[in-house]
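I have placed the structure first, in the form of structure tokens, so that the comments after it can refer back to it.
The values are calculated or read from the model by the stated rules, or taken from the named source; none is laboratory data. On a predicted model such as this, the values are computed, not experimentally measured, just so you know. Every residue, glycine among them, receives a Cβ derived from its backbone with ideal geometry; neighbour counts consider all protein chains shown.
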Amino acid sequence: MKALSESDSKQLRKSLHTLLRTWSSLSLKSIEALDYFLIFRQSSLISPWLDPLEKRRKFNQFLENCIAELEKSRPRLASLLSARFIEGQTILFLAHRLNLSQDQINRRQREAIELLAQIIEVREFSARNQLAWQVRINLSLSPDFQWLARDSLLEQLIACLRRREPPYIIALTGLGGIGKTALAQLAVQQLAESRGFSAFEWVNMEEEMGAKTRAFTGTLSNQIADMLFQNHYTENAAADKMSRSLAESLKIEPRLIVIDGLNSRQSDVLLRYVHRWANPSKFLLIGRARFDNSSNLLHFPLPELNNAEAAEFLQHHIFGGVAHEEIALLDSQVLEIVALTGGNPRALKLVAEMLRILPLRIVSEAFAEGSDPKIETLYRNIYQPVWRLLSPESQQLLARLPNEAANEISYDRLRKFSGLEEPPLRRAVNQLVVHSLLEVCGSIEFPRYCVSRLTLTFMGTKLPATY
């Protein structure tokens with residue numbers, strides 16, 4: 001029999017025992033135990049407006065059906081469960097009626113509950129597999145996203161999303177090609193295999209905004225996209241009515257809503273509503289620009305791959321993950337590639353493709369010049385959407401940063417290289433940080449700044465002038 005993980009299996013038995021002991025109760029423990037079973041939460045969505053008492057009654061019917069299934073193979077144990085929990089008879093009463101000791105009744109009860117748990121576990125496992133399959137099909141998860149070299153970040157993101165308490169809104173931000181969508185896909189796939197969310201929605205705003213004449217079908221994803229697409233930038237009756245409708249839908253059962261490809265304007269609009277929609281549902285917002293600190297959400301900035309991660313990533317994409325001395329990358333080669341790409345996964349993947357047919361020296365020269373059509377396309381995809389949004393002061397600051405900016409430099413050195421004074425310098429720094437072109441580290445008293453190697457390489461080409 002296929003089964004759940006050991007921890008999930010233990011929790012299932014604990015929740016089942018609680019629900020059997022509180023057959024006619026609506027205590028806090030019984031409500032929490034009821035919420036555990038995905039198989040029931042999915043079926044209860046058919047009638048989402050049921051009150052807690054009616055939901056408990058329906059779950060009891062579900063348990064009775066499982067006991068009836070047990071009766072086919074173990075009628076005496078099924079009868080014992082019915083007598084103990086449905087009829088409410090005591091251990092002592094059953095011992096006298098069946099002419100058994102109380103210890104014997106307890107042993108039979110434990111055996112009966114274990115067999116009942118096995119029946120329910122098979123159904124629960126099947127329900128979770130079905131949900132995971134539906135998520136992969138409905139969300140069109142790419143088959144290429146399974147390898148990312150970001151295990152620790154993935155664990156952190158999943159932990160944030162899985163918790164039943166705040167934050168209910170998480171912003172996954174970073175430069176283009178950094179792996180935001182791939183990381184989110186991995187998180188959704190793993191969460192779909194657990195019990196945390198009863199449904200998943202993925203809204204790709206870049207695709208939605210590109211289909212201006214498409215008739216929305218009224219699904220939850222399309223309702224959210226429709227609100228942003230129809231430019232409900234001010235409070236009005238139609239927007240408020242749709243927002244209330246979405247809030248009602250999202251507060252019935254915990255769902256995970258991923259909104260990918262957000263631009264700055266859409267983000268501002270979305271945050272007017274999303275706080276009303278969240279809890280217990282959670283939102284994962286994906287975009288290049290950081291949200292304002294007052295937005296009451298958790299920022300989850302996605303950094304570049306470090307040297308070790310970049311080496312592993314390249315090894316996988318160049319050699320298919322084969323580890324062999326004859327084809328392994330040298331540390332010096334990895335460092336040379338990272339000096340060009342800055343650990344950007346999309347750029348690293350492009351380098352890997354080129355290194356299959358070209359020497360590293362030629363690839364490095366092509367990157368530095370931006371002369372290869374593939375590299376030009378890469379730069380345009382990553383930087384064009386952001387570069388056009390930058391003020392002249394921000395472009396000036398970025399253009400004048402030296403190569404040493406790949407390491408940490410001070411605010412005073414930013415002023416020296418940019419030639420900007422206050423307040424234009426302060427505004428330029430803020431804009432570059434918001435759009436993930438400038439990273440901040442250090443302390444509050446002594447902040448330090450750095451720029452990715454890929455950004456510096458891009459600024460050294462002729463391409464910025466064409467934007």
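Mind checking which pairs have a first residue in the stretch 91-116 that is of a type in the set (Ser, Thr, Tyr) and a second that is not in a loop (DSSP other than H, G, I, E, B), Cβ under 7 Å, 6 or more apart or different chains?
Pairs found: SER101/ALA95.
In the stretch 450-467, what residues are assigned to a helix (DSSP H, G or I) and aliphatic (A, V, I, L, M)?
LEU454, LEU456, MET459, LEU463, ALA465
Mind checking which residues of the stretch 401-417 are in contact with a helix residue (DSSP H, G or I) (Cβ under 8 Å, 6 or more places away or on another chain) and modelled with pLDDT of 90 or more?
Answer for the stretch 401-417, where residues must be in contact with a helix residue (DSSP H, G or I) (Cβ under 8 Å, 6 or more places away or on another chain) and modelled with pLDDT of 90 or more: TYR411, LEU414, ARG415.
Would you be able to say whether some residue in the stretch 317-334 is in contact with a Gly (Cβ under 9 Å, 6 or more places away or on another chain) and outside any helix (DSSP H, G or I)?
no
Filtering the stretch 15-67 down to residues that are of a type in the set (Lys, Arg) and either surrounded by fewer than 17 Cβ atoms within 10 Å (Cβ to Cβ) or more than 30 Å from the chain's Cα centre (by Cα) (or both), which residue is modelled with the lowest pLDDT?
Filtering first and then ranking leaves LYS29.
Checking the conditions here, which among GLY261, GLY218 is part of a strand (DSSP E or B) and either under 30 Å from TYR383 (Cα atoms) or at pLDDT below 65 (or both)?
Checking each option against the conditions leaves just GLY261.
Cβ-Cβ under 9 Å, sequence separation 6+ or interchain: first residue in the stretch 330-343 and within 11 Å of LEU314 (Cα to Cα), partner of a type in the set (Val, Ile, Thr) and assigned to a helix (DSSP H, G or I). Which pairs?
As it stands, the answer is ILE337/VAL351; ILE337/VAL363, since those pairs meet every condition given.
Please verify whether the stretch 358-375 includes one or more residues that are touching a residue at least 12 places away in the same chain (Cβ under 8 Å), polar (S, T, N, Q) and within 30 Å of GLU445 (Cβ to Cβ).
Taking every residue of the stretch 358-375 in turn, none turns out to be touching a residue at least 12 places away in the same chain (Cβ under 8 Å), polar (S, T, N, Q) and within 30 Å of GLU445 (Cβ to Cβ).
Mind listing just one residue for me: the one in the stretch 439-457 that is in contact with a Ser or Thr (Cβ under 9 Å, 6 or more places away or on another chain) and farther than 12 Å from SER410 by Cβ and, of those, surrounded by the most Cβ atoms within 10 Å (Cβ to Cβ)?
That would be LEU454.
Tally time: how many residues in the stretch 413-444 are of a type outside the set (A, V, I, L, M, F, W, C), assigned to a loop (DSSP other than H, G, I, E, B) and over 25 Å from the mean Cα position of the chain (by Cα)?
Selection size over the stretch 413-444: 5.
Can you go through SER364, SER394 and tell me which one is in the same structural domain as PRO345 (by TED's automatic domain parsing), in contact with a helix residue (DSSP H, G or I) (Cβ under 7 Å, 6 or more places away or on another chain), not β-branched (Val, Ile, Thr) and not in a loop (DSSP other than H, G, I, E, B)?
SER364
Can you find, within the stretch 367-382, the residue that is surrounded by the fewest Cβ atoms within 10 Å (Cβ to Cβ) among those that are farther than 24 Å from HIS435 by Cβ and acidic (Asp, Glu)?
The residue in question is GLU369.
Can you tell me which condition ILE169 does not meet? The list is (1) in the same structural domain as HIS17 (by TED's automatic domain parsing); (2) at pLDDT 90 or above; (3) surrounded by 20 or more Cβ atoms within 10 Å (Cβ to Cβ), and all the others hold.
Just one mismatch for ILE169, condition (1).
Can you tell me which residue in the stretch 142-166 is modelled with the lowest pLDDT, limited to those that are within 16 Å of PHE200 (Cβ to Cβ) and either surrounded by fewer than 14 Cβ atoms within 10 Å (Cβ to Cβ) or not assigned by TED's automatic domain parsing to the domain that holds LEU270 (or both)?
Within the stretch 142-166, the match that is modelled with the lowest pLDDT is PHE145.
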